[in-house]
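Here, each number is a calculation from the coordinates, and none is a lab measurement. Predicted model, so just to flag it, every value in this text is computed and none were measured. In this analysis, Cβ positions are derived from the backbone assuming ideal geometry, glycine residues included, and neighbour counts consider all displayed protein chains.
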Amino acid sequence: MEGPEQSERENMSRLSLPKRARCALALSTAAAGALLVSIPAQAVPGGASIAIKFGSDRAGRPGDADGAVNGAAGLLNTVIWNNTTGANSAAAFPLNADVNGASTASGASVSWTSAGTWASTGLGEENNTGTGESGDLMSGYLDTGDIGGQGVSINVTNLPPVPSFDVYVYVQGGVNGRGGTYTIAGTTKEHTVNAAFTGPFLEDTIDPGSTAGSNYLVFHGLTGTGFTLTSTPTIGAPARAGVNGIEIVQTPEPTGLAAVGLIGAGLLGRFRRRRNGL
């Protein structure tokens with residue numbers, strides 16, 4: 001008469017290897033999921049974004065006097081935005097991050113200088129018909145002087161260390177045909193506002209020159225724990241090179257699936273060693 005332990009051993013022996021492999025994969029997926037979930041809990045920009053709206057003291061989208069961004073906006077539909085006011089910052093402005101739609105202190109801060117704030121709506125220059133929070137994002141902005149005048153300078157400090165990150169720069173001036181150059185870490189891009197913002201976001205990928213209808217630039221693969229963005233007005237009469245907002249996002253890394261593979265291989269190896277009595 002067989003005992004319960006013998007019966008359990010016989011039942012285990014009837015399991016095929018593919019089924020054991022599936023068990024290992026399920027465990028590896030759960031372990032990898034726990035690992036990946038823990039990443040956004042760390043300080044950003046890793047796994048999240050830091051989004052900054054400038055000129056929120058100006059009017060927002062048509063019919064909205066509140067220029068602050070209070071919901072999903074921008075190319076990435078980021079929910080949490082740091083709304084700033086004024087042409088200059090009297091002190092470093094602390095930044096919160098969007099982590100899965102929740103506001104989380106990042107430890108980073110921003111300071112800025114400009115010639116003033118303006119808006120593409122509500123001030124006699126109706127160049128923004130966008131709706132919703134993205135319409136607010138693309139309305140108020142940090143303005144510049146004319147050629148030879150004051151540009152915009154934005155300094156971000158104390159970013160958490162990550163391998164690299166991208167910076168999105170949103171630009172929508174009050175009048176088409178005005179623009180200039182934008183520089184971060186020795187890389188300079190030229191951009192001219194040439195169309196009203198109606199809702200879609202389009203990257204300016206032509207340099208020199210501007211992609212027709214474009215409204216944002218991207219600086220890729222930046223490193224370090226801070227950066228300075230400057231704009232210089234060079235195009236138009238008068239020239240302008242304003243900044244509506246910026247967004248900082250960690251450069252994606254193909255480590256998630258690799259981690260699943262490594263964990264899975266380790267667990268499968270453990271099953272095989274146990275099967276062989278090792």
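Packing-based ranking of 98-109, 54-65 yields 54-65, 98-109, ordered from highest to lowest mean Cβ neighbour count within 10 Å. With K and R counted +1 and D and E -1, the other residues having a Cβ less than 15 Å from that of residue 77 yield a net charge of -3.
So, with +1 on the Cβ of K and R and -1 on the Cβ of D and E, and no other charges, what is the size of the charge dipole of the stretch 49-250 about its Cα centre, to the nearest 20 debye? Could you put the intermediate results ahead of the total?
On the way: 6 positive and 16 negative charges, 48 e Å.
In debye, rounded to 20, the stretch 49-250 gives about 220.
With an a/c value under 1.5 for the gyration tensor axes a ≥ b ≥ c computed over the alpha-carbon atoms, the stretch 49-250 is described as rounded.
Which peptide among 229-242, 138-151 comes first, and what is the full order, when sorted by highest mean count of other Cβ atoms within 10 Å?
Working: 229-242: 21.1, 138-151: 22.9.
Averaged packing, sorted descending, gives the order 138-151, 229-242.
Overall, the stretch 114-213 carries a charge dipole of about 140 debye about its Cα centre when +1 sits on the Cβ of Lys and Arg and -1 on the Cβ of Asp and Glu, all other atoms neutral.
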